[in-house]
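What follows is a set of notes on a single structure, which appears directly below.
The values are calculated or read from the model by the stated rules, or taken from the named source; none is laboratory data. Keep in mind that what you see is a predicted model, and the values were worked out from it rather than measured. Cβ: placed from backbone, ideal geometry, glycine included. Neighbour counts: every protein chain shown. SASA here: full protein model, heavy atoms, side chains in, ligands and nucleic acids out. Shrake-Rupley method; radii C 1.70, N 1.55, O 1.52, S 1.80 Å.
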Amino acid sequence: MRIGIFGGASDVQCKAVAREAAALGADTLFLEPDALDRGLPLSMLDGRTFYRGEPVDDVRGFYLRAIPSPYVPALERDDELVLYEDWFTTFMHTRERASYVVAWLLQLAHRGATLVNAPHAASVMQYKPFQLHVLRSLGAQVPRTLISNDPAAIRAFHAEVKDVIFKPIMGGAITRVLEDEALARLEDVTASPVIFQERAPGEDLRIMLVGEEIVSAVAIDTPEQHLDFRADPIYSGGGASYREVALPEPVQRFCREAARACGLTFAGIDIKHQGDAWVFLELNSSPIYLDVELKLGHPISRAIARRVVEGARG
Ligand code: ADP
Ligand code: MG
Ligand code: MG
C-alpha cells in the first residue's frame, strides 16, 4: 500500500509525513513539484497515469504540500527584477505544466481519492476575502475590513477606524501599519486592491486543524513586539517559542466550520487573541508547522498521515 506526496522528497515536512505513513504501513511515492520543469515523464494514456514510466493509479491518498504554479521567470540584479528574454514562452510553459497537474488532481478527486487538501485549496491562489466572508457569516469575530483599490474609500476608512493595518489579498508580504508614508502613496492601490483592517491587539495564535481534530493550538512568542511576528529575526531564524493555549468551545467550532466551508481538511488558522476577543485573520491551506511539532510534540504530521493513509485504504 502506498500514498502519494506532492512535494519534494527532501522537504522536511514531507519527510515527516512519509515517516508517519511508514509507521502506519504505507510507502510514499513523491511527486516532485519541479518534476515537469526537469522534464521527468508524466503521461496519461487513455485514462491511466504513468509517472517516470511507472503506473501510479493504485495511489488513492495524497498529501499536497506544494504543486506547480505559473510563474514569470525573472532574476534580481542590482535590486531590480530583470525578466528573462524568453519570459513569455517560459511563462506559457509554466502555465501549461500547472494546468496539467491541477487537472490530474481534479481527476484523482473525481475518482474518489483522498487529497489533503483538495485541488482548489491546494492551488497557489489563496482567497482571504472569501475566508473573511465565511468567518463573518459563521458569526466568528473578524477585524473591521475594507478591501479596495479606491484611495477615497481607504482615506474614509482610515479616518473612521484610525488604527489600520494593510496587507496583500493573497499574502507574500509582511503586514504594515497604515501611516504617513503609505498614506502618501495611496494612489498606488489603483493598480491592485489591498486589504485594510482595524488592528487587532494581543497575541498571535496558530491553530492546526486536521479533519475535525484540533491537533495544535499555540501562541507564538517573539521577544520583541512586531505587528507581524514574521518580521522578528528570531522567528525567521527558527528561534520562535510556542505556548499551548486552550480554545473556548465556540472558537473551536468556528475553526472546524470555517475550514469545512473553505474546503480544507488541513488548515493552519491565524487568530489574534486578547481577553475575550478571538479575532480570526485567515486559514492557510499548506501551513508550515514542523517547528511547533518538534518543540511541543504536537503530532501534526501523524494526523495528516493517518488521514491520507485511511483515505488510501478506502
Ligand atoms: P499572511 O500570514 O497570509 O501573510 P495574515 O492575515 O495572517 O496574512 O497576516 C500576517 C500577520 O500580520 C498576522 O499573523 C498578524 O500577526 C498580523 N496581522 C494581520 N492582520 C492583522 C490585524 N488586522 N490586526 C493585527 N495584526 C494583524
Ligand atoms: Mg498568516
Ligand atoms: Mg497566510
Of all the accessible heavy-atom surface of the stretch 115-219, with the other protein chains kept in place and a 1.4 Å probe, what percent is carbon and sulfur?
55
Bins of 10 Å, starting at 0 and running to the largest distance - Cα pair percent for the stretch 1-155:
9, 29, 28, 22, 11, 2
Can you give me the three principal axis dimensions of the chain from its C-alpha atoms, in Å, biggest first?
61, 52, 36
For the stretch 139-147, what does the Karplus curve 6.51 cos²θ - 1.76 cosθ + 1.60, with θ = phi - 60°, yield as ³J(HN,Hα) per residue in whole Hz, taken in order and with x for Gly and Pro?
x, 6, 7, 10, x, 4, 9, 10, 10
Students often check this: by mean Cβ neighbours within 10 Å, which of 85-95, 7-17 ranks highest, and how do the rest follow?
7-17, 85-95
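Where does the charge balance sit around L24 when Lys and Arg score +1, Asp and Glu -1, over other residues with C-beta under 14 Å from its C-beta?
Details: positive: R2, R19, R302, R306, R307, R313; negative: E20, D27, E310.
Local charge sum for L24: +3.
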From the C-alpha gyration tensor of the stretch 252-312, pull out the three semi-axes of the equivalent ellipsoid (sqrt of 5λ each), sorted largest to smallest, in whole Å.
22, 16, 9
HN-Hα J couplings of the stretch 54-67 from phi, Karplus 6.51/-1.76/1.60, θ = phi - 60°, integer Hz, Gly and Pro as x?
10, x, 10, 6, 6, 7, 10, x, 9, 9, 9, 7, 8, 10
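Taking the Cβ of S69 as the center, what net charge do the other residues with Cβ under 15 Å away carry, scoring Lys and Arg +1 and Asp and Glu -1?
Its environment carries a net charge of -1.
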Mean Cβ neighbour count within 10 Å, used as a protection proxy, ranking 296-309, 180-193 highest first
296-309, 180-193
Convex hull volume per residue in cubic angstrom - Cα atoms of the stretch 45-102
124
Distance between the stretch 166-226 and the stretch 239-314 - C-alpha centres, whole angstrom:
17
The stretch 94-119-the stretch 25-59 distance, computed between alpha-carbon centres (Å)
12
Mind pulling the angle between the C-alpha long axis of helix 87-110 and the longest principal axis of the chain? Nearest 10 degrees, somewhere in 0 to 90.
70
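Can you say what percent of the DSSP beta bridges in the chain, counting only those with both residues inside, are antiparallel? Round to 5.
Looking only at bridges with both residues in the chain, the antiparallel portion is about 80 percent.
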Partner lysines for K167 [C-alpha distance under 16 Å; skip if fewer than 8 residues away on the same chain]
K128, K272
Note, ³J(HN,Hα) from phi for the stretch 112-118, Karplus 6.51, -1.76, 1.60, rounded to Hz, x at Gly and Pro
x, 5, 8, 10, 10, 9, 4
Relative to the longest principal Cα axis of the chain, at what angle does helix 151-161 sit, 0 to 90 degrees, rounded to 10?
70
